[in-house]
Amino acid sequence: MKAIDIEKEKLVLRDIKDPLTNPGEILIKTTATAINRADLVQRSGLYPPPPGASPILGLECAGEIIGLGEGVEGFEEGQKVCALLTGGGYAEKVAVPEGQVLPIPSNFDTILSAAIPEVFGTAFLNLYMEANLVPKERVLLHAGASGVGTAAIQLCKAFGNPCFVTAGNLEKIKFCKNLGADDGSVRTKENFLKKVLEWSGDSGVDVILDPVGANYLSDNLKVLTIDGRLALIGLMGGSECEIDLGQVLMKRIKIIGSTLRARSVPFKTHLMQELLKKVWPLFETNEIEPIIDKTFRLSEAEEAHEYVASNQSIGKVLLTVD
Ligand SMILES: NC(=O)c1ccc[n+]([C@@H]2O[C@H](COP(=O)([O-])OP(=O)(O)OC[C@H]3O[C@@H](n4cnc5c(N)ncnc54)[C@H](OP(=O)(O)O)[C@@H]3O)[C@@H](O)[C@H]2O)c1
């Protein structure tokens, strides 16, 4: 099959062996995959795949089932599905544990469905499972116009959580507000602290979804309310800083570190079932949808990565597989 390989630091399409389909796995012929920020970090060598995972990039895909491993039940060949992957999405075929596969929403096409699993999984997991967000609690979403951010805004709106976003320019803030965010702050122009406090009537926020880390930690702690939760999902702003533990202690703040890719198959299976129960109905009624910025072909993965790295994208960038 054809797949993307890393050759002299560039992404190139080449022929490699088809994946084996182990018991309990489903073999998918990929129609599309989506780019995640983690793919950029993985190709730079700073985010190696977990032991046993495919070295090929790609954390999600959608396509058609072309093979069923021993013991797989409830799926059939020819069915259109999307899947949360530990790797291997930038390829014509991928084998994935059955628990990480779901039928595509009936009103979506297969290509669009490739943009669901990783970002809606990450947003739902961290807001509603790790941080136990309940209706009416206020949320601060950093990188609000990212793939994860645009999923999180829509989940917040659907589940009754007012949210404030940060993003790199005014156009992105406007987009986030149209999608359901209450307000926002441009990270390159101002510090978010004052505006978030104004927005929340000085009360602060209950939960923060933060892919930035060190740069924002001090202000994140200031803006969290009593019993606030900080779900740390990335380190785009660095990993080392000093913090005021007084804020953590006195406000009973919980700091939750969370990575999805390295979680076990049973954990991911549970997450996918939660998505099926609580998020799929929102797709099926067109209440929410993945936000697609641009679509490239798999052979154009290098250009697609350059585009994502430029921080211009709003929502997801897809790669279609011929
Ligand atoms: N822990 C997990 O399980 C998990 C899973 C999925 C994703 N993530 C993390 O979630 C984040 C979003 O992922 P994604 O794939 O949705 O990203 P994406 O669509 O590529 O968007 C990332 C955005 O982050 C903003 N950004 C870049 N550098 C930044 C910096 N130094 N400080 C603040 N903002 C910065 C940029 O937007 P602006 O210029 O508009 O701010 C950029 O467009 C990434 O950090 C990713 O690693 C974590």
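Can you bin every Cα-Cα distance in the stretch 87-199 into 10 Å intervals starting at zero and give me the percent of pairs per bin, rounded to whole numbers?
So the P(r) values, bin by bin, are 13, 39, 30, 15, 3.
In whole Å, how far is the Cα centre of the stretch 161-235 from that of the stretch 251-290?
The two parts, judged by their Cα centres, are 21 Å apart.
On average over all directions, what projected area in square nanometres does the stretch 103-144 have, based on the convex hull of its Cα atoms?
Details: hull surface 16.7 nm².
For the Cα atoms of the stretch 103-144, the hull's average projected area reads 4.2 nm².
State the Kirkwood hydrodynamic radius of the stretch 119-257 in Å, one decimal place, computed from all pairs of distinct Cα atoms. Could the numbers behind the result be given before it?
Working: mean 1/r = 0.0692 Å⁻¹.
Result for the stretch 119-257, one decimal place: 14.5 Å.
If you rank E171, E289, E25 by fewest surrounding Cβ atoms within 10 Å, what's the result? Let's see the in-between values first.
On the way: E171 13, E289 18, E25 23.
In increasing order of surrounding Cβ atoms, one gets E171, E289, E25.
Please check: in the Gaussian network model of the chain (C-alpha springs, under 10 Å), which one of A152, A123, A262 has the largest mean-square fluctuation.
A262
Would you mind telling me which residue in G71, G168, G99 has the biggest mean-square fluctuation in a Gaussian network model of the chain, where springs connect alpha carbons within a distance under 10 angstrom?
In this elastic network of the chain, the residue with the biggest mean-square fluctuation among G71, G168, G99 is G71.
Across every pair of different alpha-carbon atoms, what Kirkwood hydrodynamic radius in Å does the chain reach? Display every interim value, and only then the final one.
Working: mean 1/r = 0.0501 Å⁻¹.
Answer for the chain: a Kirkwood hydrodynamic radius of 20.0 Å.
Rg over Rh of the stretch 153-231, using C-alpha atoms and the Kirkwood radius, what does it come to? Walk me through the numbers before you get to the answer.
Working: Rg = 11.9 Å, Rh = 12.8 Å.
Radius of gyration over Kirkwood radius for the stretch 153-231 works out to 0.93.
For the chain, just give the cysteines left without a disulfide-compatible partner, judged by no other Cys Cβ under 4.7 Å.
C61, C82, C176, C241 - these cysteines have no disulfide-compatible partner (Cβ-Cβ under 4.7 Å) in the chain.
Most fluctuating residue of F164, F124, F175 in a GNM of the chain with Cα springs under 10 Å: which is it?
In the Gaussian network model the winner is F175.
No lab work stands behind these numbers, since they all come straight from the coordinates. Just so it is clear, the structure is predicted and the values come from calculations on it, not from any experiment. Because the Cβ atoms are built from the backbone with ideal geometry, glycine has one as well, and the counts that use them run over all protein chains shown.
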